[in-house]
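In what follows, a single structure is set out as structure tokens and then discussed.
The values are calculated or read from the model by the stated rules, or taken from the named source; none is laboratory data. Bear in mind that the values here come from a model prediction, so they are computed numbers and not experimental data. Note that we place each Cβ from the backbone using ideal geometry, even for glycine, and neighbour counts take in every protein chain shown.
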Amino acid sequence: MKNNFLNKLIIVAVVFFTSSCNKDFLNETLTTARTTDFFLTDAGIQQLSVGAQYQVFDVPFNGEWNYAATQYGTDEFHIGGDPSNSPWNNYDATFGPTVIAPNGNTALSNYQWDALYTGIGDANLLIANATKSTSTSTAIKNTALGEGYFLRAYNYFRLVSQYGGVPLQLTPINTVKTEFTRASAKDVFAQIVSDLKAATPLLPIAGGPSHITQDAANHYLAKVLLSRASEINSSWNTDTKAADLAAIGPLCDQVIARHPLASNFGDLWKFTAQNSANENLPELILSAQFTNDVNTLQGNGNTQHLYFVSRYDVQDQCARDLTGDRPFSRLATTYYDYRIYDMVNDSRFWKSWKTKSAINGASPVSPNVKGDLGIMFVINQPGDTRFPLTKITKALGTRVVDTRNTGRDIPTTYVAYPNGRTTDGALYTDVSTAGQGFPSLSKHLDGSRNSLNDVVGHRDFTLARSAETYLIAAEAKIRLGLYADALPYINAVRKRAQYVSGEERDNYWDGGNTLLSAGLQSPGVGNSFYPKNSYYESNNIATTTAAAASLAIASPTALPAQDEYIITTLGLSSAYDRMLALVLNERSRELAGEFLRWEDLSRTKTLVSRVKAFNLEGAANIKDFHVLRPIPQSFLDGIQASGINLSSAQKQAMQNPGY
């Protein structure tokens, strides 16, 4: 601070001295100044595009509002050990047009709204300038224009999915504007579809996932049409529903043909270094791009690695380290996550969640040494009598032995179903660590950070991949009543999930094990990363490297046992409801923690029933009106009608019902 202050004094002194000696000093012409005309050039519209994509794709993954709006308050995740964003999960009196913040980390109601409209403003600027561009390169101009249309559609889709009808602003705002009215959801969807259709022929075929392509536009167009045809829009979508559902299959097939699934589900998450191979797999359609250049990221980055990690660092003989990530403990797994997988044959749970950590504290207790298994989560099934307690530690006079490796005691073992228990919830009762003991979702972990306390992550964030495209196509077939035709799409992702012959089923990797240098660890602290999972301890089966049994579903009338459990719990009976439940469960098995879930449950109007069944804190409070978010009070307070601030009645008329 002192040096900066002195530098400023020196600069002021030099300017003053020079200007006093040279009367012409202030008459110099600055020839490098840019005006808005720069945006009409090739370089200008390309820079506009980069800036707009940064705002739309990257900014939402630096901070907490995005996961709060898309993952909390669902069947997949609930409150972990830190309740900073509990209003978004609990649906209680703290959640509304103004969010009552538990602390300074809380995402306020306007954060999402403001970020999405900022992105729309950038997209409008890009569209306007690309349209008027003086460029002599048709390719540059068309690509920028296509990107502008896509970015505007992308943000309006997020808005309509969260809030329903919202104000449509389709041109840059160059003066102060205070009067806005909400368009209908029908009109917003029509604009989104129009923009995506306009974008597609302008965009390149190749270049994904780091660039917006025709396949990205078609994937999102299929997704938008599916959403428009969903239950939340049933009061007005009759005229478009049949055509929308018929169009989805061909769109998806075209995208799928150019984006084959990765051969191993784990390859998607095998982040081994900054800009590693997993970030460019053919399955990926579009990603938010991040880098290790903090100047490029303006000191920000992908922070989502922080929020899904449980408090491994407070357990016996363990310490926080880079490979275990910073355990912000915001989002904890629910028992729904433990019930939807075939835990023996489906690899996706074991490649999506971290169930073992190593002893890494500075002072291991003999006979344990650093590197021994320190924490294990046993995700067993109801009725298992092998474990007497849900948390087993030496202090409680019980022990679990690491029979697969050292033969020494495991300091801390958590058990989903202890002592023959057949009801869910045992892991919710660990008062000793305040609900902070749960398997961590590993899809976003990032050990490539530059210091222990660094929050800046470098992993790209996958926005769209073809596994979802398969499931979009499947759901469209279900909505058309073509249940058997949906199964090949579902079975494609299920087949990829099976263990293959020769595969070591308990091998484990997560992106936390990308430590740049051992010297970055705290003195005396080792790596908490452990290269195995608890597959065998959880399933209680003999070691095998045989191919898994088939996960294929042969008939719509014979669904997997895991799906039948969910269907029974939800009280579903019709063929349509059963198949819709199947595809929603499959979306969880494949896409858990990828920031899609709240909008899936909202659009299908299954949010309330699933939260009541599977979300510990939200169950008591959720109401039917929660399928839409509240319009932020800050927006309603800031706009006018006929030059006058809105009255209370006018604000209420513009607000979503129930808030």
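Tabulated values for the structure
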item: Residue check, Ala581 part of a loop (DSSP other than H, G, I, E, B), modelled with pLDDT of 95 or more and over 28 Å from Arg311 (Cβ atoms); result: no
item: Of all residues making up the stretch 374-391, the number that are charged (D, E, K, R), farther than 18 Å from Ser357 by Cβ and surrounded by 15 or more Cβ atoms within 10 Å (Cβ to Cβ); result: 1
item: All positions within the stretch 607-639 that are among the polar types (S, T, N, Q) and without any contact (Cβ under 8 Å) to a residue 60 or more places away in the chain; result: Ser609
item: Residue within the stretch 100-114 that is over 21 Å from Leu331 (Cα atoms) and surrounded by 20 or more Cβ atoms within 10 Å (Cβ to Cβ) present; result: yes
item: From Asp409, Asp485, Asp430, residue being at negative phi, at pLDDT below 95 and not basic (Lys, Arg); result: Asp430
item: Tally, over the stretch 422-470, of residues that are in contact with a strand residue (DSSP E or B) (Cβ under 9 Å, 6 or more places away or on another chain) and in a loop (DSSP other than H, G, I, E, B); result: 17
item: Boolean, Thr118 is part of a helix (DSSP H, G or I), under 25 Å from Tyr163 (Cβ atoms), over 17 Å from the mean Cα position of the chain (by Cα) and modelled with pLDDT of 95 or more; result: yes
item: Leading residue by the ranking (surrounded by the fewest Cβ atoms within 10 Å (Cβ to Cβ)) among those in the stretch 302-317 that are among the β-branched types (Val, Ile, Thr) and under 17 Å from the mean Cα position of the chain (by Cα); result: Thr303
item: Residue pairs meeting the criteria (Cβ under 6 Å; at least 6 apart or on separate chains; first free of Cβ contacts under 8 Å to residues at least 60 places away in the same chain, in the stretch 574-601; second assigned to a loop (DSSP other than H, G, I, E, B)); result: Arg578/Leu572; Ala581/Leu572
item: Lone qualifier among Lys495, Lys477 - being surrounded by fewer than 19 Cβ atoms within 10 Å (Cβ to Cβ) and either out of contact with any strand residue (DSSP E or B) (no Cβ under 8 Å at 6 or more places or on another chain) or over 30 Å from Ala242 (Cα atoms) (or both); result: Lys495
item: Output for the stretch 178-197, where each listed residue is assigned to a loop (DSSP other than H, G, I, E, B) and surrounded by 14 or more Cβ atoms within 10 Å (Cβ to Cβ); result: Phe180, Arg182, Ala183, Ser184
item: Of the criteria (1) under 17 Å from Ala69 (Cα atoms); (2) not in a helix (DSSP H, G or I), which one Leu616 fails; result: (1)
item: Pair list, Cβ < 6 Å and 6+ apart or interchain, from the stretch 500-529 residues that are in contact (Cβ under 8 Å) with a residue 60 or more places away in the chain and farther than 24 Å from Asp454 by Cβ to residues that are part of a helix (DSSP H, G or I) and not aromatic (Phe, Trp, Tyr); result: none
item: Failed item in (1) modelled with pLDDT of 95 or more; (2) hydroxyl-bearing (Ser, Thr, Tyr); (3) in a loop (DSSP other than H, G, I, E, B); (4) surrounded by fewer than 23 Cβ atoms within 10 Å (Cβ to Cβ), with Thr136 passing the rest; result: (1)
item: Matching residues, the stretch 229-248, being closer than 16 Å to Val193 by Cα and of a type in the set (Gly, Ala, Ser); result: Ala229, Ser230, Ala242, Ala243, Ala246, Ala247
item: Subset of the stretch 331-369 (residues that are surrounded by fewer than 22 Cβ atoms within 10 Å (Cβ to Cβ) and small (Gly, Ala, Ser)); result: Ala362, Ser363, Ser366
item: Some residue of the stretch 155-177 being among the hydrophobic types (A, V, I, L, M, F, W, C), assigned to a helix (DSSP H, G or I) and either modelled with pLDDT under 95 or within 30 Å of Gly44 (Cβ to Cβ) (or both); result: yes
item: Residues within the stretch 210-242 that are surrounded by 22 or more Cβ atoms within 10 Å (Cβ to Cβ) and acidic (Asp, Glu), tallied; result: 1
item: Conditions (1) crowded, with 23+ Cβ neighbours inside 10 Å; (2) under 17 Å from the mean Cα position of the chain (by Cα); number of the one not met by Ser287; result: (1)
